[in-house]
Amino acid sequence: DPSGTFVQLRLGLAQTACRKRAPQRHCRVLEGRRRPTCLACYKFDTSDVPKVLDKYHNCGPSHHLAAKEIRQRDEAECRAVEEAGKGDDTLYLPGMFAFSRGLPA
């Protein structure tokens, strides 16, 4: 895509028996616990040092009653991220433009 690179990640998280204070390499996954699914979408421009044009991320439980609605919203948000930088709708970031008042002549 000439407007940039679009990346979509879908991650499944699981609760483990490891403690936060003493991280270990091999942790046992606790069965019967919640397993939220995370979705992250990023759009990078095509410059030498890529900048994020737009992003969206959401981590929600997979067993939630409104999972279908959440999935539909996530898909719509990711489509919007994918379209970032195309056409005339360039992203405006605060501080992108600076204006100063000229001195009297």
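The values are calculated or read from the model by the stated rules, or taken from the named source; none is laboratory data. Since the structure is predicted, the reported quantities are computational estimates derived from the model, not experimental observations. Just the protein is used for accessible areas: all its heavy atoms, side chains included, with ligands, DNA and RNA removed. Shrake-Rupley method; radii C 1.70, N 1.55, O 1.52, S 1.80 Å.
Quick check: with the 1.4 Å probe, what order do ASP45, ASP74 take by accessible area, largest first?
Descending accessible area places them as ASP45, ASP74.
Run down the lysines and flag those whose C-alpha is under 23 Å from the C-alpha of LYS55, throwing out any fewer than 8 positions away in its chain.
Within the straight-line cut-off, LYS55 pairs with LYS43, LYS68, LYS86.
Per 0.36 nm of contour for each residue apart, how much would the distance between ARG34 and GLU83 grow if the chain were fully extended, relative to their Cα-Cα spacing?
Result: 14.4 nm gained on full extension.
Which of rounded, prolate, oblate describes the stretch 5-83, given a ≥ b ≥ c as roots of the alpha-carbon gyration tensor eigenvalues and a/c under 1.5 marking rounded, otherwise prolate only if a/b is larger than b/c?
Oblate shape, in that a/c is at least 1.5 and b/c is the bigger or equal ratio.
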